[in-house]
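J.: For reference, the structure I am asking about is given below.
All of the numbers you see were taken from the coordinates with simple rules; none came from a lab. Bear in mind the structure is a predicted one, so any value in this text is a computation, not a measurement. With ideal geometry, Cβ positions are generated from the backbone for all residues, glycine too; neighbour counts draw on all protein chains shown.
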Amino acid sequence: MQEPDLSIEISSLKMESPLMLASGILGTSIELLRRVFEDGAGAVVTKSIGYEQRMGYDNPTIVEVYGGYLNAIGLSNPGIKEFYKELSRSKIDDLPLVVSLFGAESSEFSEMISILNELEVKAYELNISCPHVKGFGVEVCQDAKLVEDIIEAVKKETQKPVFVKLSPNLTDIVNAAKLAEDVGADAITVTNTFKAMSIDIETCRPILANKIGGLSGPVIKPIAVRCVYEIYQNVDIPIIGCGGVVDWQDAIEFFLVGATAIQIGTGIAYKGLSVFEKIKQGIKDYLTLKGKSSLRDIVGLAHGF
């Protein structure tokens, strides 16, 4: 039997594998992002870039908790102009590179894309859902008019695919997804980390310097799966599942509820970069066992019950 086909397309972004590196995991170094691609990722998403440089929060910025990690990095990044220099001196034409962007106003997003758009960036992911930086995350995602303005401004500036990364901290993530689709988003990324905190019982203080951070890892997977399930019932554009994927069984869950692709972040902390090839092989074995010739044959199957 021929090997199952794992290739997918999200608008003009074509990927040989449905597995993507999640934003915020391995920074902005093209050399490192290329290594992830060569180790089996179908596409790589950069750390979120803003218009101005941000230093982020003081340490401690990350702590391991039961079932995952809690982080509050603070959207540290070199700023769009310095990042442009990094991209312009790197070979990226053959790299399925997705640039993650954050901002507080639609003008910031459109200006950043105007700077990058001449380069061989394959798609953009709009991070409007960071749970721990005031003014750049959940507050943006909760403002329907601002979300609409941002997506419209970005779509006017580029013909490249635009993904919108939504927050699980929203009261109604389904309506947010429908709004993004109506305004022109090419795909929805679901989800970002969950607002959470951890306390040191000896010092009686929050462990993170910022006190509140974002929770990721296996502990959030069932909630992320539920979010994808509900959004799939209400939108027609592709969904990129994200949240707690560490093995092939996790990936299959996301595909069955409607994800076209999945992003892997904390899974790298647990299993290293080999996680991409291991999950890819597991998906192939599962499809073969089920007599399926393509990954597309199982997307959304959980909705038939």
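J.: Going through the range 66-161, which chymotrypsin sites (Phe, Trp or Tyr not before Pro) have at most 10 other Cβ atoms within 10 Å and a DSSP loop state? Let's see the in-between values first.
T.: On the way: sites: Tyr66, Tyr69, Phe83, Tyr84, Phe102, Phe109, Tyr124, Phe136; in loops: Tyr66, Phe102, Phe136.
Those satisfying the criteria are Tyr66.
J.: Now a separate question. Which Cα, out of Leu179, Pro161, Ile150, lies furthest along the positive dipole direction of the range 132-190 (beta carbon charges, K/R +1, D/E -1)?
T.: It is Pro161, whose Cα lies furthest towards the positive end.
J.: Could you tell me what a quarter of the Cα convex hull surface of the range 187-231 works out to, in nm² with one decimal place?
T.: Values: hull surface 16.3 nm².
Projected area, direction-averaged: 4.1 nm².
J.: While we're on this one: Could you work out the per residue convex hull volume over the alpha carbons of the range 1-132, in cubic angstrom?
T.: Details: hull volume 18.3 nm³, N = 132.
Spelled out: Cα convex hull of the range 1-132, divided by residues, is 139 Å³.
J.: Over 29 Å between C-alpha atoms is what I'm after, so list which of Lys155/Lys221; Lys47/Lys91; Lys47/Lys278 land there.
T.: On the way: Lys155/Lys221 31 Å; Lys47/Lys91 18 Å; Lys47/Lys278 24 Å.
Table pairs above 29 Å Cα-Cα are Lys155/Lys221.
J.: Given the convex hull of the Cα atoms of the range 160-234, what is a quarter of its surface area in nm²?
T.: Numbers: hull surface 26.1 nm².
Computed as one quarter of the Cα hull surface, the answer is 6.5 nm².
J.: Separate question: Which three semi-axes in whole Å describe the equivalent ellipsoid of the chain, each the square root of 5 times a Cα gyration tensor eigenvalue, listed largest first? Let's see the in-between values first.
T.: On the way: eigenvalues 145, 108, 80 Å².
One finds semi-axes of 27, 23, 20 Å for the chain.
J.: What are the extents of the Cα atoms of the range 99-173 along their three principal axes, listed from largest to smallest and rounded to whole Å?
T.: Taking the Cα atoms of the range 99-173, the three principal extents are 36, 20, 19 Å.
J.: Using a simple charge model, +1 on the beta-carbon of Lys and Arg, -1 on the beta-carbon of Asp and Glu, nothing else, what dipole does the range 155-198 show about its Cα centre, in debye to the nearest 20? Before the final figure, lay out each step's value.
T.: Details: 6 positive and 5 negative charges, 29 e Å.
For this selection, approximately 140 debye.
J.: Run through all the Cα pairs of the range 251-305 and give the fraction in each 5 Å bin from 0, expressed as whole percent.
T.: It works out to 4, 19, 25, 25, 15, 9, 2, 0, in whole percents.
J.: Moving on to the next point. Distance check, please: which entries in Lys14/Lys156; Lys134/Lys271; Lys81/Lys156; Lys81/Lys280 exceed 29 angstrom between their Cα atoms? Can you show the working numbers first?
T.: Values: Lys14/Lys156 22 Å; Lys134/Lys271 32 Å; Lys81/Lys156 21 Å; Lys81/Lys280 36 Å.
Distance filter (> 29 Å) returns Lys134/Lys271; Lys81/Lys280.
J.: Using only the Cα atoms of the range 49-206, each taken as one equal point scatterer with no solvent, compute I(q) by the Debye sum, divide by I(0), and report log10 of the ratio at q = 0.14, 0.15, 0.18 Å⁻¹.
T.: Each listed q corresponds, in turn, to -0.73, -0.83, -1.11.
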